[in-house]
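J.: Provided herewith is a single structure, encoded as structure tokens, for subsequent inquiry.
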Amino acid sequence: MTATAPAPSPARAARATAYLPRLALVLAALLASLFTAASPASAHAALTASDPKDGAVVATAPAQVTLSFSEQVAMGDDSIRVMDPQGKRVDTGELRDMCSGSTVRYGTALHSGLPNGTYTVAWQAVSADSHPVSGAFTFSVGAPSATSVSLPDRQAGGGPVGVVYDIARYAAYAGFTVLVGGAAFILLCWRRGSAERPLQKLVVRGWVTLTAATLAMLVLRTPYTGSGKFADVFDLDGLQAVLETKTGASFVSRLLLLGAAALFIAVLFGAYARRQKTSSAAEAVDETGAGDGTGAEAEAEAEAEAADEAEKETSDLAFGLAIGGTVVAGGIAATWALAEHASTGIQPGIAMPVDILHLLAVAAWLGGLVALLVALHKVPDIEREAVQRFSKVAFISVLVLAVTGVYQSWRQLGSWSALTGTSYGRLLIIKVSLVAVLVAIAYLSRKWTGRLGAVRSTEDAGAGATGEEPAEVLAGVDVSRETSTGSGSGSDAGSDAGAGADPRRAAQLARQRAAREKAREKQVRDADPGRAGLRRSVLAEAGVAVVLLAVTTVLTSTEPGRAAQLETNRSTAGPAVPNRAVKITLPFDTGGQNGKGTVRLELDPGRVGANTLHLWADGEDGKPLDLPEIKIAFTLPAKEIGPLPVAPDRDAPGHWSASGVQLPLAGEWRIDVTVRTSDIDQTTVQKNVKIG
């Protein structure tokens, strides 16, 4: 005889119930700390370079302003604005897409003939993860000057609108997980659950949450990426502009797919649930008829054929629901994959299907876990086979998560150093740790599932030997006690008979019967120690799953480690400083009398930024040559910068110098030196040097 654990006492069950609010508070605190800590660290597309650079002083006004980013961004004609010292726009408003390969660069042309002074560049874009980014910087033409333009102090995507938008973002992921996971749990693990009210409410609430969150993000998109004012949700022109973007198209596609999901839910909880009830009732009648040995043989055969036909129709409907549900769920998952990190970067053709599989696996595992928890707490007679089937589904989901997660990690990180050196990598470590904890708890749940089966088998066998009903033995219900209280039941019957004349008494008796029924159901749930242990372990799984889902949501809005590390490398590399100043010697020949000689040029320290220039001219005899005029110009052909003229001052015969020579960017610069030896004899010599 197999020994079984004693049933938990009512006091112990009450204490366990009292712990649930505390657990909810702990989870809320964890989520709040996670969101608070992740917000400042959540980087998106970042500005990695600009031409001109921030704070650069150029000799002549550039023909255009260009910006380079760490990842793909979406920009419009007004995304780059250039303003003069008085605050007047001096750009043409035409956006130039200069992206090529992995280089993400945009520019805007400037009007010609811009005067000297300080100019302000304000930019705004939407990064690949649909988050808005913005910034501003200044550059000067000729020399810095006072400016009346104030740099924007509001961070794009911040403020109250940003908070509401982020809440809707988290709610959308949670709703998708519950909707898809709950429906998958019913179809794959417990088809009879389609007729259970608690599971129906769970799936419908998931659909409502996802739909409401998607609508909220759609109408908030304009203020979220623009002004940050709630009043702009009524801006129809802004809404139309949003619908023309990739993010807006994904929202509309998701809403259309949610309409198909509503039809799926109606069939699942309507026609399919009714057929499940009919099938269950037919099985019960069939078992009863077999037990009493009554009924004609022909009648029994007809009923068996009808039952087989009904079973076939139910299976066909389940197969159709499974196919249709998979298509709709995959389509909803694709709305995230098409609008976020998977659609940008390397290998997007592979990354997007992998991301869809990853999302579906997360929903099947975590959403199914929530559905199992609801079933264990609300439905007293869930079969152990349903729990075992979910265990298999969860195992397959974890395998899919592992394979797709490894690929996504490689694609988004790019190197081992990014695992600990970037926010994305550190969040990924937290996510993997939570998955490991979740798998460990799931292993304990699997053990409780096996124990549940052993307890039921033992008690069912004992019930068969004693002639008792297995369900009564399993529930721990003392039938003799119910029988012995027949007088009380008769009293209730008598009270019911007299309650017709007293509506208040009838309502009181109805409440008492409901309370007894609820207590009986609770006794059924708590009587099985295996079931109680399974409930506790699944509750722990669900708690960890909530935190895991929050980390995953934060991860989707964090700049990938590959892009973040590239940005860090660019920002920390800085200009290369040579060990000594750049020195060149250029021979010249103007063709006139005393027209031959050499010029020696020294640029100190020979890097990006301010430099000091010295130039010496020597004749053929090696003595200083006092030239009537000398000019110098710097040109960066690769960036179409220059020529930047420099007019050196004469310090002594054959010696000229200039201070504050600004070279805004690193690269291969061409130095042109124009030498005039007489009124008509002049020549220009040049040489390329590496700066920065």
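The values are calculated or read from the model by the stated rules, or taken from the named source; none is laboratory data. Given the structure is predicted, the values throughout are model-derived calculations rather than measurements. Counting neighbours? That spans all protein chains shown, and the Cβs are built from the backbone with ideal geometry, glycine included. For the accessible areas, the whole protein counts, side chains as well, though only heavy atoms, and no ligand, DNA or RNA atoms are used. Shrake-Rupley method; radii C 1.70, N 1.55, O 1.52, S 1.80 Å.
J.: Count, please, the residues in the stretch 184-202 that happen to be small (Gly, Ala, Ser) and open to solvent by less than 10 Å² (accessible area, probe 1.4 Å).
T.: To start, the set of residues in the stretch 184-202 that are small (Gly, Ala, Ser) comprises 184, 193-195.
Then keep just the ones that are open to solvent by less than 10 Å² (accessible area, probe 1.4 Å); that gives 193-194.
So the count comes out to 2.
J.: Only residues in the stretch 55-71 that are within 16 Å of PHE634 (Cα to Cα) count as the first member; pair them with residues that are open to solvent by less than 20 Å² (accessible area, probe 1.4 Å) and of a type in the set (Phe, Trp, Tyr), Cβ under 6 angstrom, at least 6 apart or cross-chain, and list the lot.
T.: Going by the 6 Å Cβ cut-off, the qualifying pairs are ALA56/PHE139.
J.: Out of the residues in the stretch 603-652 meeting the condition of being over 30 Å from MET98 (Cα atoms) and touching a residue at least 60 places away in the same chain (Cβ under 8 Å), tell me which one is surrounded by the most Cβ atoms within 10 Å (Cβ to Cβ). Lay out the reasoning, then the answer.
T.: We begin by selecting, within the stretch 603-652, every residue over 30 Å from MET98 (Cα atoms); these are 603-605, 611-632, 646-652.
Next, only the ones that are touching a residue at least 60 places away in the same chain (Cβ under 8 Å) stay: 603, 646.
Details: LEU603: 25, VAL646: 20.
So, considering only residues that are over 30 Å from MET98 (Cα atoms) and touching a residue at least 60 places away in the same chain (Cβ under 8 Å), the one surrounded by the most Cβ atoms within 10 Å (Cβ to Cβ) is LEU603.
J.: Name the pairs whose Cβ atoms lie under 7 Å apart, with the first residue in the stretch 264-278 and more than 17 Å from VAL204 (Cα to Cα) and open to solvent by less than 30 Å² (accessible area, probe 1.4 Å), the second in a helix (DSSP H, G or I) and of a type in the set (S, T, N, Q), and 6 or more positions between them or separate chains?
T.: Final answer for the pair search is GLN276/SER194; GLN276/THR314.
J.: Kindly establish whether ARG205 is among the basic types (Lys, Arg), closer than 30 Å to ALA371 by Cβ, out of contact with any Pro (no Cβ under 7 Å at 6 or more places or on another chain) and touching a residue at least 12 places away in the same chain (Cβ under 8 Å).
T.: Here the answer is yes, as ARG205 does meet what is asked.
Quick grid of which residues meet (1) open to solvent by 50 Å² or more (accessible area, probe 1.4 Å); (2) touching a strand residue (DSSP E or B) at 6+ places or on another chain (Cβ under 7 Å); (3) modelled with pLDDT of 85 or more; (4) not in a helix (DSSP H, G or I):
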| position | (1), (2), (3), (4) |
| --- | --- |
| ILE346 | yes, no, no, yes |
| ILE350 | yes, no, yes, no |
| LEU359 | no, no, yes, no |
| GLY368 | no, no, yes, no |
| LEU372 | no, no, yes, no |
| ALA375 | no, no, yes, no |
| PHE390 | no, no, yes, no |
| LEU401 | no, no, no, no |
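J.: Filter the stretch 75-92 down to residues that are open to solvent by less than 20 Å² (accessible area, probe 1.4 Å) and touching a Ser or Thr at 6+ places or on another chain (Cβ under 6 Å) and give me whichever is farthest from VAL242 (Cα to Cα).
T.: So, considering only residues that are open to solvent by less than 20 Å² (accessible area, probe 1.4 Å) and touching a Ser or Thr at 6+ places or on another chain (Cβ under 6 Å), the one farthest from VAL242 (Cα to Cα) is PRO85.
J.: Might you let me know whether the stretch 237-253 holds any residue that is within 16 Å of ALA363 (Cβ to Cβ), crowded, with 20+ Cβ neighbours inside 10 Å and touching an Asp or Glu at 6+ places or on another chain (Cβ under 9 Å)?
T.: Taking every residue of the stretch 237-253 in turn, none turns out to be within 16 Å of ALA363 (Cβ to Cβ), crowded, with 20+ Cβ neighbours inside 10 Å and touching an Asp or Glu at 6+ places or on another chain (Cβ under 9 Å).
J.: If you don't mind, another one. Which pairs turn up if I take residues in the stretch 674-692 that are without any contact (Cβ under 8 Å) to a residue 60 or more places away in the chain and look for partners that are among the β-branched types (Val, Ile, Thr) and open to solvent by less than 50 Å² (accessible area, probe 1.4 Å) with beta carbon separation below 6 Å, at least 6 apart in sequence or on another chain?
T.: Every condition considered, the pairs that remain are THR684/THR674.
J.: In the set SER145, SER134, SER140, SER150, which member is without any contact (Cβ under 8 Å) to a residue 12 or more places away in the chain and over 22 Å from LEU321 (Cα atoms)? Working first, answer last.
T.: On the way: SER145 fails: without any contact (Cβ under 8 Å) to a residue 12 or more places away in the chain; SER134 fails: without any contact (Cβ under 8 Å) to a residue 12 or more places away in the chain; SER140 fails: without any contact (Cβ under 8 Å) to a residue 12 or more places away in the chain.
Being without any contact (Cβ under 8 Å) to a residue 12 or more places away in the chain and over 22 Å from LEU321 (Cα atoms) holds for just one of SER145, SER134, SER140, SER150, which is SER150.
J.: Can you name the residue in the stretch 203-215 that is crowded, with 20+ Cβ neighbours inside 10 Å and among the small types (Gly, Ala, Ser) and, of all such residues, is farthest from ALA261 (Cα to Cα)? It would help to see each step written out before you state the result.
T.: Within the stretch 203-215, the subset crowded, with 20+ Cβ neighbours inside 10 Å is 203, 206-207, 209-210, 213-214.
Those still in the list that are among the small types (Gly, Ala, Ser) too: 206, 213.
On the way: GLY206: 11, ALA213: 15 Å.
Of everything passing the filter in the stretch 203-215, ALA213 is farthest from ALA261 (Cα to Cα).
J.: Follow-up question, since we're still on this one. Working only within the stretch 645-671, note down all residues that are in a strand (DSSP E or B) and under 30 Å from THR48 (Cα atoms).
T.: Filtering the stretch 645-671 for residues in a strand (DSSP E or B) gives 645-646, 649-652, 655-663, 667-671.
PRO645, VAL646, SER659, GLY660, VAL661, GLN662, LEU663, GLY667, GLU668, TRP669, ARG670, ILE671 - these are the residues of the stretch 645-671 that are in a strand (DSSP E or B) and under 30 Å from THR48 (Cα atoms).
J.: How many residues, within the stretch 672-692, are over 50 Å from the mean Cα position of the chain (by Cα) and either charged (D, E, K, R) or outside any loop (DSSP other than H, G, I, E, B) (or both)?
T.: Our first condition is that a residue be over 50 Å from the mean Cα position of the chain (by Cα); within the stretch 672-692, this holds for 672-687.
Add one more test, that the residue is either charged (D, E, K, R) or outside any loop (DSSP other than H, G, I, E, B) (or both), and what stays is 672-676, 679, 681-687.
Of the residues in that region, 13 qualify.
J.: Could you please give the count of residues in the stretch 93-136 that are assigned to a strand (DSSP E or B), at pLDDT 85 or above, over 25 Å from ARG221 (Cα atoms) and open to solvent by 30 Å² or more (accessible area, probe 1.4 Å)?
T.: Total satisfying the criteria: 0.
J.: Does ASP316 satisfy the condition of being outside any helix (DSSP H, G or I), over 17 Å from LEU438 (Cβ atoms) and open to solvent by 20 Å² or more (accessible area, probe 1.4 Å)?
T.: On the way: outside any helix (DSSP H, G or I): no; over 17 Å from LEU438 (Cβ atoms): yes; open to solvent by 20 Å² or more (accessible area, probe 1.4 Å): yes.
No; evaluated as a whole, the condition is false for this residue.
J.: Would the stretch 61-74 turn up any residue that is out of contact with any Leu (no Cβ under 8 Å at 6 or more places or on another chain), modelled with pLDDT of 85 or more and open to solvent by 20 Å² or more (accessible area, probe 1.4 Å)? Break it down stepwise before answering.
T.: Initially, the stretch 61-74 is screened for residues out of contact with any Leu (no Cβ under 8 Å at 6 or more places or on another chain), giving 66, 71-74.
Remaining after also requiring modelled with pLDDT of 85 or more: 66.
Those left that are additionally open to solvent by 20 Å² or more (accessible area, probe 1.4 Å): none.
Looking for residues that are out of contact with any Leu (no Cβ under 8 Å at 6 or more places or on another chain), modelled with pLDDT of 85 or more and open to solvent by 20 Å² or more (accessible area, probe 1.4 Å), one finds none in the stretch 61-74, hence no.
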